[in-house]
Amino acid sequence: MSITTVLFDFDGTLADTLPICIHSIGEAFKKYDGKTLTGPDVVAMFGPTEADIIRLNLGNREAAEEAVLLFYELYKREHERMVQPNADMIALLSELKQRGYRMGIVTGKGRDSLDISLERLGMTSYFDVTVSGDEMSRPKPDPEGVLTAMKSLGADKAETLFIGDSEADMRAGKGAGVFTIGAHWLENVQTHRFDTTPDLFVTRTSELIAFLDGNR
């Protein structure tokens, strides 16, 4: 296997952003629906963008767009407090970039929240393509996003990795026919046990580097 292309999920894979997503979505439901959602309640709705999660699930439909605005307000305001830059992730991305791998993101996040996080965490310059939930008609576990990123990069299935932390990621990667890696190297992840077995499971970034070293 000769790998040229490494695609990543974002929330829970490249950045420990699950807490701020859960908090900001939860506050929107609390204010406009009077509901208190647990973390698992929010994660169970993942798939669509954060804005569409609110639009699709908020009982108070007339207030949906106000609730979306509140989500983005909180996401921006609380980002620095709730999401810390991760030196291991920056070191990994820098190493992969230096080695010449093409890199991309395939995420259900909305474009606006993805760009906020990439900029705040200093990750913007590392990626050759980013496919957000706004650019997909069928979110993960459908492979559309992975295939879209590959097409943009001119990448072949046999030379592509997809790395994620969730069951939806495993199914999307497998559906796209690429080597699929389950990564639980951050504190907060979406899926603690995969039903779809990844081709490789890693808990440290060094394990990914070791795998790539063995497949040069």
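When you scan the stretch 200-208, do you find a residue that is of a type in the set (Phe, Trp, Tyr), within 21 Å of LEU147 (Cβ to Cβ) and modelled with pLDDT of 95 or more, even just one?
Kept after step one, since they are of a type in the set (Phe, Trp, Tyr), are these residues of the stretch 200-208: 201.
Filter once more, so that each one left must be within 21 Å of LEU147 (Cβ to Cβ): none.
Checking the stretch 200-208: not a single residue is of a type in the set (Phe, Trp, Tyr), within 21 Å of LEU147 (Cβ to Cβ) and modelled with pLDDT of 95 or more.
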**OP:** Show the residue pairs that are 6+ apart or on different chains and have beta-carbon atoms under 8 Å apart, the first residue being within the stretch 82-100 and assigned to a helix (DSSP H, G or I), the second being of a type in the set (Gly, Ala, Ser).
**Re:** MET89/ALA15; ILE90/GLY122
Original post:
Has the stretch 192-214 got at least one residue that is under 14 Å from the mean Cα position of the chain (by Cα) and within 26 Å of MET45 (Cα to Cα)?
Top reply: no
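Here are GLY59, GLY47: which of them is free of Cβ contacts under 8 Å to residues at least 60 places away in the same chain, of a type in the set (Gly, Ala, Ser) and part of a loop (DSSP other than H, G, I, E, B)? So that I can check it myself, show each step before the final result.
Numbers: GLY47 fails: free of Cβ contacts under 8 Å to residues at least 60 places away in the same chain.
Step by step, each of GLY59, GLY47 is checked, and only GLY59 is free of Cβ contacts under 8 Å to residues at least 60 places away in the same chain, of a type in the set (Gly, Ala, Ser) and part of a loop (DSSP other than H, G, I, E, B).
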**OP:** For the stretch 16-27, enumerate the residues that are more than 20 Å from PHE201 (Cβ to Cβ) and either buried (at least 20 other Cβ atoms within 10 Å of the Cβ) or without any contact (Cβ under 8 Å) to a residue 24 or more places away in the chain (or both).
**Re:** THR17, ILE20, CYS21, ILE22, SER24, ILE25, GLY26
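Considering only strands (runs of 3 or more DSSP E) fully contained in the stretch 136-216, which possess at least 2 residues that are surrounded by fewer than 21 Cβ atoms within 10 Å (Cβ to Cβ)?
So the answer is 200-202.
Could you tell me which residue of the stretch 101-124 is surrounded by the fewest Cβ atoms within 10 Å (Cβ to Cβ), considering only residues that are of a type in the set (S, T, N, Q) and touching a residue at least 12 places away in the same chain (Cβ under 8 Å)? Outline the logic, then answer.
First, the residues of the stretch 101-124 that are of a type in the set (S, T, N, Q): 107, 113, 117, 124.
So of that shortlist, the ones also touching a residue at least 12 places away in the same chain (Cβ under 8 Å) come out as 107, 113, 117.
Details: THR107: 29, SER113: 26, SER117: 23.
Once the filter is applied, the top-ranked residue is SER117.
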Original post:
If PRO85 passes every condition in (1) modelled with pLDDT of 95 or more; (2) within 30 Å of THR180 (Cα to Cα) but one, which one does it miss?
Top reply: (1)
Original post:
Which residues, taken from the stretch 28-40, are under 17 Å from ALA168 (Cβ atoms) and either surrounded by 14 or more Cβ atoms within 10 Å (Cβ to Cβ) or touching a residue at least 60 places away in the same chain (Cβ under 8 Å) (or both)?
Top reply: GLY39
Original post:
Looking at the stretch 127-149, which of the residues that are among the aliphatic types (A, V, I, L, M) and either in the same structural domain as ILE53 (by TED's automatic domain parsing) or out of contact with any strand residue (DSSP E or B) (no Cβ under 6 Å at 6 or more places or on another chain) (or both) is nearest to VAL202 (Cα to Cα)?
Top reply: LEU147
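The values are calculated or read from the model by the stated rules, or taken from the named source; none is laboratory data. Just so we're clear, the structure is a prediction, and the values are computed from it rather than from any experiment. Don't worry about glycine lacking a Cβ; one is built from the backbone with ideal geometry, like all the others, and counts go over all protein chains shown.
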